[in-house]
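Following: one structure in structure tokens, then a few remarks.
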Amino acid sequence: MNQEIEKIVTEGQVRKDREVFKVGDAISVHTIVREGDKERVQIFSGIVIARRGSGINATFTVRKISYGEGVERIFNINSPFISKITVNRPSKVLRSKLYYMRGREGKCAMQVKDMKQS
């Protein structure tokens with residue numbers, strides 16, 4: 001009974017137009033940022049290192065290197081503040097979480113095995 005009620009409540013809030021991506025892909029997330037009464041689109045590009053949850057609670061973590069420092073941001077897949085997600089470079093990884101990327105430095109910090117190499 002509770003599962004049926006939860007399904008009815010969350011049915012209208014889950015996005016139908018979301019992009020298909022997986023862990024290891026290099027993506028660009030276009031987020032809507034409100035500053036006062038103005039809106040603009042800000043792009044956060046990086047590698048997906050984790051996906052978590054399902055349904056309305058699904059999230060993903062994107063990591064990028066900015067001025068030599070690693071920056072991670074967690075996004076809700078069904079957020080109304082995400083205007084679009086584009087996959088820049090698909091990849092093939094054998095893990096569900098890429099937390100080992102946190103310990104890397106330099107150029108190898110953003111390299112994951114490409115689909116072309118397999």
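Bear in mind these aren't lab numbers, they're just calculated from the coordinates by the rules spelled out. Bear in mind that the values here come from a model prediction, so they are computed numbers and not experimental data. All Cβ positions, even for glycine, are placed from backbone atoms using ideal geometry, and neighbour counts span all protein chains on display.
Odds and ends about this structure:
- Helix 2-11 axis versus longest C-alpha principal axis of the chain: approximately 70°, rounded to the nearest ten.
- For the pair T10 and K38, a Förster radius of 41 Å applied to the C-beta separation gives a FRET efficiency near 0.85, rounded to the nearest 0.05.
- Burial ranking of peptide ranges 83-89, 59-65 (average Cβ count within 10 Å, highest at the top): 59-65, 83-89
- As an equivalent ellipsoid, the chain spans semi-axes of 27, 20, 13 angstrom, where each value is the square root of five times an eigenvalue of the C-alpha gyration tensor, largest first.
- Extreme residue, positive dipole direction of the chain, given options I77, I5, I65 (C-beta unit charges): I65
- The calculated FRET efficiency for the pair Y67 and L94, based on their C-beta separation and a Förster distance of 30 Å, comes to about 0.45.
- HN-Hα J in Hz across the stretch 59-66 - Karplus 6.51, -1.76, 1.60, θ = phi - 60°, x for Gly and Pro: 10, 9, 10, 10, 10, 9, 9, 10
- Here the stretch 36-81 was treated as a single set of alpha-carbon atoms; its pair distances binned every 10 Å from 0 give 24, 44, 28, 5 percent.
- Rounded Å value of the spacing that divides the Cα centres of the stretch 27-45 and the stretch 91-107: 26
- Here the label points at R104 and N78, each 7 Å from Cα along the C-beta direction, are separated by 3.2 nm in the simple model.
- Across K38/K97; K7/K97; K16/K92; K22/K107, pairs whose alpha-carbon gap is larger than 32 Å: K38/K97
- Charge context of M110, other residues only, Cβ under 11 angstrom, K/R +1, D/E -1: +4
- Calculated [θ] (222 nm, deg cm²/dmol) that DSSP helices of n ≥ 4 give over the chain, each run adding -39,500 (n - 2.57): -2500 deg cm²/dmol
- Unit charges on C-beta of K, R, D, E only; dipole of the stretch 2-95, Debye: 400
- Evaluating kT/(6 pi eta Rh) at 20 °C and 1.002 mPa s, with the Kirkwood radius of the stretch 1-70 over Cα pairs in the Stokes-Einstein relation, gives 145 µm² s⁻¹.
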